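Q: Below are the structure tokens for one structure; questions will follow.
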Amino acid sequence: MKTILKTGWLLIIHLGLIFSARAQTILAGRVVSLPDSAALAGAVIKIKGFDQGVTTDENGRFRLAVSQNQFSIQVSYIGYKSIEKPLAAPFDRELVLALAADENQLGEVVVSTGYQQIPKERATGSFSTVGNGLLNRRVSTDIISRLDDVVPGLINNRGKGGAQGLLIRGQSTINSAARPLIVIDNFPYEGDLASINPNDIENVTVLKDAAAGSIWGSRAGNGVIVITTKKGSGDRGPQITVNSNVTIGQRPDLFYQSRMSSADFIENERLLFESGRYSSAEKNVNRYPFTPVVELLMAVRDKAITKDQAEFELSALKSKDLRHDYEKYLYQPSVSQQYAIGLRGGAASNRYYISAGYDQNRPSETANRYARFTVNANNTYQVGKNLEINAGINYSESKITTANLGPVTYTNPLTGFTGAALYPYASLADPDGNPLAVINEYRLSFLEQSEKKGLLDWQYRPLQEMKLAHNIIKLTDYRFNVALDYKLRPALHLKALYQYSRGISQGRNLSSQDSYMTRNLVNRLTSIDSTGALKRNLPLGAILDQTASEYNSHNLRTQLDFDHSFKAGGELTAIAGFEIRDLGTSTSRNRFYGYDDEFATSKAVDYLTPNRSFVNPASNIRVPFVDAQTGATDRYLSYYANGSYILRKKYIVSASARLDQSNLFGVSTNDKGVPLYSAGVAWNLSEESFYRASWLPYLKLRSTFGYSGNSNKNVSAFTTASFQGTDLYSGATYATIQNPPNPELRWEKVQTVNFAVDFESRNRVFSGSLEYYLKKGIDLIGSMPYPGSSGVKSFTGNYASTAGQGMDLTLNARVLDKVFKWHLDLLFSRATDKVTNYALTSLTNSYLGSGDGTSIYPLEGRPLYAVYSLDWAGLDPVTGDPQGYLNGEISKDYAAIFRIAPQQMHYHGPARPKMFGSVRNSFSWRSLTLSVNVNYRLGHYYRAKSMSYTELNNGLVVHGDYALRWQKPGDELITSVPSKPQSVNGNRENFYAFSQVLVKKADNIRLQDVNLSYNLKRSQRGKSGFQSAQLYLYANNVAILWKASKGNLDPDYPLAMFTPVRTLSAGIKLDL
Amino acid sequence: MKKTNSLIYPFLVGFLLLTGCKGDFLEEKPQKSLLVPTTLTDFQALLDNGQALMNTAPYQSILSDGDFQMSESFFAGQSQLNQNSYIWADQPEMTLPGWDTPYRQVFTCNVVLDGLAKLDKDLWHTPQYESVKGSALFFRAFAFYQLAQLFSPAYQPGSEGIGLGIPLPLQADVNLKHPRSSVRQTYERILDDLMQAEPLLPLKPVYISSPGKPAALALLARTTLSMQDYPGALSYAEKCLALKSELLDYATLAAASAVPFPHPFALGNPEMLFYSRMAVSYFENPAFTVDTTLYASYASGDLRKPLYFGTGLNYKGSYTSNQYPFAGLSTDETYLIKAECLARTGQSQAAMKTLNAMLEKRWAKNSFKELTAGSPEQALKLILAERRKELVGRGMRWADLKRLNQDPQFAQVLTRTIQKKIYTLPPGGERYQFKIPDDQTYEGTVVQNP
């Protein structure tokens, strides 16, 4: 850190010493729109090569001090196509600059890499920029979901485990972080993205290939998302923008997943009871609970009630369905409110942006809350002629209240499984809405006896728990930025940037003495001596759990920017610099017993002495000690350079190199660094004299090649161990081995080749780009299963490689462009990946069970996450047993079927879409604009859930397919659900669960969202006090238009309890 | 130009500063809790991972040894692995903790032993170094012993070179491939490790989850007994008892208690030489009950009957003082080894004296009558009967069956009946060796059991 400070100070001192002045003349001009020559207020005029600029006044006029005789000016205005014009002295006449409207925001000219701004025409790499207009088309609390369907190659995957999440152009790593690097205002963002207010975002640039991303070196292998926040604009009075909206969501549909009926469930409990299945559990020393039906059946057996009484009660239970209670008490229509206000303006010497935002969400889960408050201030000062200082602070505070329990669970008496779904005929409340008790961990009779002995009330009432819950997380996140830009010469700038960011998440979970968690723990830790006197080994009072996690990040960058036009017609743009990063993260957790919230006092407890559990006196129980701390440090040193040379506006060559070093643990110093580079070429074909296609006035070919990397801090060259805490036996601090030694460890590399063509027809009737890429993951770190005798079950090293390829097509068309406008924006992406080298194969079972994302089981020649199955030969017509194939013959030897080689499994396809994209149609007529977005995901598969007789035999709630099971010969023609077996065979169950018949195509097309907006025109604004106003309606998650597989399941959410709810938003945006 | 130069200067200074200090800057470890084990304290910390790893033992054998039975409904709810162990099924498991966990213990010991060898030679004769090294050797021997009982055929003197033992990794290199050794090599390895460990270990360890000299001698006695080297076992048992021979007087315990034995860590059990437990809690389940013939063999007045068993014939006598079976070493076992070896070597009087010394602490006050034997054979029978009664629920029966089945007069056929189907395990049956799990054998180096 010392170094950072030292360097920073040196820079500031030196920069402060140097000023200079030159003779200036004034350039005056006016900016108008084409073709109506209306004045454009707020257009930005810059001299090329200088970052500062001026903006036009209400009449579209501007004045600019210039010190050169010959230069180019750049004029830009949101919604209009920017122009660049060479000028030469004298400047005695008013210059008129006319801009043509550009309604396609994706055509935004400048892209930001986080290190520099590059005009898109000059880029060789693959960039996508999402401007402010498109970002605001969606209504959401967060920023990332606004990138869905607007960036080619970017997809937010659904699915399971590792297969889930944001990906850019497929995945080129196996075990390292696969998520894109997120950069906010020039530096990687380490905080929670939910703390960013989308109203403060100016634009987002996505870097996709090596030429675009390799400037980010070892963290760019998965692509980079560069987010730029709003800044002040010069030479205009203050402008206030107000945005406010409210979003209402439907109540979730808890009947989305099929489930066996209460009547079937009760019948099954009766069968299990009659077969004596519960008899050993009844004697279990853990006092496992039994459902009301089993208790009734036991009462009949023990002659406590008559059979008729029991049957009467049973028939009443059969008609109950817990899901109604869930819908009524656990879920609700969601309401999200968003308010944002921004103030923007400035003069030549100072530009500013100040904003505040408040979001308040009432989620679908009853009793949960979310609130976020954000404030931003950003100032840019022009000090003298050559020095520009930008300073900004972004502050965000969120509060997350989690009181909802979600679906209720209990301890299954037959397996001891504590997370079993509650029996389907349970009621959470009486007819008046008062919380009712349900079984949880112990048998009712045990609870009643215990209460008689003087223990605390031991009943579990889920709805009461929700009322008592006090579980709040407060998230504070702030960033402080300062950037100096000193112009050494017109062509050379020296920049120094520093960012400090810090985030603190503080959790406070107070379990009052009335909460089940506290009552249960107090009771379990109660002992009764021979006289019957109670001894509480845990003090009465609440239990307070506090968690804290925080990060502190320092970033310092020093960079030289060079931009020079040569007389021969060439132009060189280059940057070089170095960067230092230090990220510290820590977490802590502690608990207070016997806590009194009124006085904030707690009581001492004895953590070490084992006490006899009240529930099972044969077992020991200690007062749980949960306190823990962790600390981690990430350090990077990086050196980078990047340059591009343009010859006669036709030929572009670019190159980039970067060396990253980090404190990657245990790798010898030489290997700590990884040099990465890229190179690219582009050819503006349409600028050539032989180019004659006047219908296509813009045509550019470009290609890049290079490397970026992925870093993984979980591996080490040495044997590493980590301290785990205190061993309960010896009381000594103990350690476990994390990592066997691996002296050959290297950094992962990703090689990317990109080919692209950009085109634009006359008058932009259509425009777009087509890109094709190849990606190779080299030296990837993979966990490999090892035979048990080695002492490790898996081993991590640079074993693997992957290959990916795909294409991104962007096509924008102006189908109609008169008074009635119809614009079409089409995105199509294809991204495939496959594992090309993976040394060892795992058991067939692992691929089947976990290969689709639950865990990582790469198989050579297949996508990283793939859906496999076992061939299906239908149900046995005599017994209803599922049948598979073994050596080409129909077989029921399930154990042998599971022993087939992984290559013999049925491979369906990837678990993630091979093809995806969107079609957005925008219609506008006068002030009305309707934008309809249809998206699609194609070529992936999912495994549907069905019923399991293992679960049924354990008295658990099973899938609704139970009703469709094979029951008599002939049923095999209409169902594929196996018959109920005489005795449960685990392999038979697994065979069916992993059989081909349950794998479905997941292809789908959905009407994702619709935005309808009404803009008040200029003529209407007049005296009303605002410059412009927009009213908008927005509907999201509208409908599935088509899907490849039948049934009720949404193929992107086959396992979810319910699908994302449909929402409708209404809002207003005012410019004052 | 001058200006330019003066600004380039801080840029260069910064660059040099960064380059200059990067050594320290990049040496910071990424996780606070991470350590590269290099010191004696680190190695001790690895061996102190007791509850989760080092002081655990496989449990399969108590499902297979016939001393306990499951009710049909309890059986139906068991995992495939446990069902297969219970009925001696031939089908190998995909993965088997009873194989993997002891090898994880071996690996940890090898990391420690490799690391110790790299330490400065000046440290080699310090008590801490010796204790860590002795412990690592002991833990490795203990793990190999457990593996040999489960996966190797019984040690048959004279033909022990023929059968396949277990793989014996002795270095912490996970990439080395180890085929199975012979039975002889396996047992020689165990003895060798223990003989090296014994002089290094302290007389009295700091805690009972850590081995001391008596534990090493007790395990030597147990191992040589399995090898039917009775004079050898006798000598180790005597050496062990010379160091520690205390017995717990069962008459001082409350038979009505659900957990009658004193907590070994909180209260201390004087018999305990080394603590280890099986990671299975069957004994808390009333549907897992002791064999009725065995139960009937306890005479009235024998306190083990009410102390070991609940009224429902469930077992509650674990020396762990909780629901987990004890799998460590204790003095009562060593008394029994000594007695058996005395009988086997013709010293029936001394044998009975040793047995009675132990039994005296097992009976109610004033009701114990010393057992007598007229011949070594008679003494042996009495001692073996008492051995089974004393060590029930500790996973010892499996090794005893493997050894004693070689002698026709003690051979036993085990049978089970589940859903009217009868399963048997004859003496010397193939299933006295568990199948090695698939996730070991698929790789090809390790040969599957028949």
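The values are calculated or read from the model by the stated rules, or taken from the named source; none is laboratory data. Note that the structure is predicted; figures quoted are calculated from it, not measured. Cβ placement follows ideal geometry from the backbone for every residue including glycine, while neighbour counts extend to all protein chains displayed.
Q: Of all the residues that make up segment A:771-800, how many are away from every other protein chain (no Cβ under 11 Å), of a type in the set (Ser, Thr, Tyr) and either crowded, with 22+ Cβ neighbours inside 10 Å or touching a residue at least 40 places away in the same chain (Cβ under 8 Å) (or both)?
A: Looking only at that region, the number is 3.
Q: Restricting attention to segment B:309-332, which residues are of a type in the set (A, V, I, L, M) and either buried (at least 24 other Cβ atoms within 10 Å of the Cβ) or at the interface with chain A (Cβ under 9 Å from one of its Cβ atoms) (or both)?
A: Of everything in segment B:309-332, those that are of a type in the set (A, V, I, L, M) and either buried (at least 24 other Cβ atoms within 10 Å of the Cβ) or at the interface with chain A (Cβ under 9 Å from one of its Cβ atoms) (or both) turn out to be B:327, B:329.
Q: Within segment B:29-85, work out how many residues are hydroxyl-bearing (Ser, Thr, Tyr), over 30 Å from residue A:987 (Cβ atoms) and within 11 Å of chain A (Cβ to nearest Cβ).
A: First pass over segment B:29-85, keeping only residues hydroxyl-bearing (Ser, Thr, Tyr): B:33, B:38-39, B:41, B:56, B:59, B:61, B:64, B:71, B:73, B:79, B:85.
Right, trim to over 30 Å from residue A:987 (Cβ atoms) and you get B:33, B:38-39, B:41.
Still in the running and within 11 Å of chain A (Cβ to nearest Cβ): B:33, B:38, B:41.
Residues meeting the conditions: 3.
Q: Consider only pairs whose beta carbons are under 7 Å apart and that are at least six residues apart or on different chains; among these, list those whose first residue lies in segment A:685-699 and is without any contact (Cβ under 8 Å) to a residue 40 or more places away in the chain and whose second residue is buried (at least 16 other Cβ atoms within 10 Å of the Cβ) and among the aromatic types (Phe, Trp, Tyr).
A: Close Cβ pairs satisfying both conditions: A:686/A:698.
Q: Scan segment A:735-746 and tell me whether some residue there is touching a Ser or Thr at 6+ places or on another chain (Cβ under 7 Å) and basic (Lys, Arg).
A: Among the residues of segment A:735-746, not one is touching a Ser or Thr at 6+ places or on another chain (Cβ under 7 Å) and basic (Lys, Arg), which makes the answer no.
Q: From the residues in segment B:292-308 that are among the hydrophobic types (A, V, I, L, M, F, W, C) and surrounded by fewer than 22 Cβ atoms within 10 Å (Cβ to Cβ), which one is farthest from residue B:403 (Cα to Cα)?
A: B:307
Q: Which members of segment B:26-50 meet the condition of being within 22 Å of the chain's Cα centre (by Cα) and touching a residue at least 12 places away in the same chain (Cβ under 8 Å)?
A: Within segment B:26-50, B:43, B:44, B:46, B:47, B:48, B:49, B:50 qualify.
Q: Here's another thing I want to ask about it. Tally time: how many residues in segment A:624-638 are more than 9 Å from chain B (Cβ to nearest Cβ) and touching a strand residue (DSSP E or B) at 6+ places or on another chain (Cβ under 7 Å)?
A: 4
Q: For residue B:132, state whether it is at pLDDT below 95, within 17 Å of residue B:54 (Cα to Cα) and β-branched (Val, Ile, Thr).
A: So residue B:132 does not fit the description; no.
Q: So the check is Cβ under 8 Å with 6+ separation or different chains; which pairs have a first residue in segment B:158-175 that's in contact (Cβ under 8 Å) with a residue 60 or more places away in the chain and over 18 Å from residue A:795 (Cα atoms) and a second one that's in a loop (DSSP other than H, G, I, E, B) and among the charged types (D, E, K, R)?
A: B:164/B:180; B:167/B:180
Q: Could you list, ordered by first residue, the pairs with Cβ atoms under 6 Å in which the first is in segment A:925-947 and on the phi > 0 side of the Ramachandran plot and the second is in a loop (DSSP other than H, G, I, E, B), at least 6 apart or interchain?
A: Here the result reads A:939/A:913; A:939/A:914, each pair linking segment A:925-947 to a residue that is in a loop (DSSP other than H, G, I, E, B).
Q: Has segment B:179-193 got at least one residue that is within 13 Å of chain A (Cβ to nearest Cβ) and touching a residue at least 60 places away in the same chain (Cβ under 8 Å)?
A: Within segment B:179-193 (the criterion being within 13 Å of chain A (Cβ to nearest Cβ) and touching a residue at least 60 places away in the same chain (Cβ under 8 Å)), the answer is yes, since at least one residue qualifies.
Q: Is segment A:383-395 home to any residue that is assigned to a strand (DSSP E or B) and under 30 Å from residue A:509 (Cβ atoms)?
A: yes
Q: Here's something else I'd like to know. In the set A:191, A:170, A:162, which member is of a type outside the set (S, T, N, Q) and out of contact with any strand residue (DSSP E or B) (no Cβ under 8 Å at 6 or more places or on another chain)? Full working, then the answer.
A: Details: A:191 fails: out of contact with any strand residue (DSSP E or B) (no Cβ under 8 Å at 6 or more places or on another chain); A:170 fails: out of contact with any strand residue (DSSP E or B) (no Cβ under 8 Å at 6 or more places or on another chain).
The match here is A:162.
Q: Enumerate the strands (runs of 3 or more DSSP E) found wholly within segment A:424-538, keeping only those where 3 or more residues are buried (at least 17 other Cβ atoms within 10 Å of the Cβ) and charged (D, E, K, R).
A: A:471-489
Q: Of everything in segment A:571-607 that's free of Cβ contacts under 8 Å to residues at least 40 places away in the same chain and of a type in the set (A, V, I, L, M, F, W, C), which residue is nearest to the other protein chains (Cβ to nearest Cβ)?
A: In this case the residue turns out to be A:604.
Q: Can you find a residue in segment A:900-922 that is out of contact with any Asp or Glu (no Cβ under 8 Å at 6 or more places or on another chain), buried (at least 17 other Cβ atoms within 10 Å of the Cβ), of a type in the set (Phe, Trp, Tyr) and part of a strand (DSSP E or B)?
A: yes
Q: Tell me whether segment A:520-529 contains one or more residues that are more than 10 Å from chain B (Cβ to nearest Cβ), free of Cβ contacts under 8 Å to residues at least 12 places away in the same chain and hydrophobic (A, V, I, L, M, F, W, C).
A: No, segment A:520-529 contains no residue that is more than 10 Å from chain B (Cβ to nearest Cβ), free of Cβ contacts under 8 Å to residues at least 12 places away in the same chain and hydrophobic (A, V, I, L, M, F, W, C).
Q: Can you work out which of the residues in segment A:679-716 that are touching a Ser or Thr at 6+ places or on another chain (Cβ under 7 Å) and within 14 Å of chain B (Cβ to nearest Cβ) is farthest from residue A:177 (Cα to Cα)?
A: By that ranking, first place goes to A:715.
Q: Could you tell me how many of the residues in segment B:170-197 are surrounded by fewer than 23 Cβ atoms within 10 Å (Cβ to Cβ), out of contact with any Asp or Glu (no Cβ under 7 Å at 6 or more places or on another chain) and assigned to a helix (DSSP H, G or I)?
A: 7
Q: Please count how many residues of segment A:167-194 are among the aliphatic types (A, V, I, L, M) and either free of Cβ contacts under 8 Å to residues at least 40 places away in the same chain or part of a loop (DSSP other than H, G, I, E, B) (or both).
A: Residues that pass the stated criteria total 3.
Q: Take residue B:432 and decide whether it is over 21 Å from the mean Cα position of the chain (by Cα), away from every other protein chain (no Cβ under 14 Å) and of a type outside the set (D, E, K, R).
A: No, not satisfied.
Q: Any residue in segment B:205-217 that is more than 20 Å from the chain's Cα centre (by Cα) and in a loop (DSSP other than H, G, I, E, B)?
A: no
Q: Oh, and also: Give the number of residues within segment A:725-770 that are in a strand (DSSP E or B), more than 8 Å from chain B (Cβ to nearest Cβ) and either touching a Pro at 6+ places or on another chain (Cβ under 7 Å) or of a type in the set (Val, Ile, Thr) (or both). Steps first, please.
A: Within segment A:725-770, the first condition is being in a strand (DSSP E or B), and the residues that meet it are A:725-726, A:733-739, A:748-760, A:766-770.
Still in the list and also more than 8 Å from chain B (Cβ to nearest Cβ): A:725-726, A:739, A:748-760, A:766-770.
Filter again for either touching a Pro at 6+ places or on another chain (Cβ under 7 Å) or of a type in the set (Val, Ile, Thr) (or both), leaving A:726, A:750, A:752-753, A:757, A:760.
Number satisfying all stated conditions: 6.
Q: Checking the conditions here, which among A:880, A:917, A:874 is in contact (Cβ under 8 Å) with a residue 60 or more places away in the chain, in contact with a Ser or Thr (Cβ under 6 Å, 6 or more places away or on another chain), under 30 Å from residue A:969 (Cα atoms) and not β-branched (Val, Ile, Thr)?
A: One residue alone meets the criteria, A:880.
Q: Quick one: is residue B:242 in a helix (DSSP H, G or I) and touching a Ser or Thr at 6+ places or on another chain (Cβ under 6 Å)?
A: No; evaluated as a whole, the condition is false for this residue.
Q: Within segment B:247-264, how many residues are surrounded by fewer than 22 Cβ atoms within 10 Å (Cβ to Cβ), under 21 Å from the mean Cα position of the chain (by Cα) and not aliphatic (A, V, I, L, M)?
A: Counting residues in segment B:247-264 that are surrounded by fewer than 22 Cβ atoms within 10 Å (Cβ to Cβ), under 21 Å from the mean Cα position of the chain (by Cα) and not aliphatic (A, V, I, L, M) gives 2.
Q: Count, please, the residues in segment A:182-193 that happen to be modelled with pLDDT of 90 or more and within 12 Å of the chain's Cα centre (by Cα). Give the steps one after another, and end with the answer.
A: Within segment A:182-193, the first condition is being modelled with pLDDT of 90 or more, and the residues that meet it are A:182-189.
Going one step further and asking which of them are within 12 Å of the chain's Cα centre (by Cα), we end up with A:182.
Selection size over segment A:182-193: 1.
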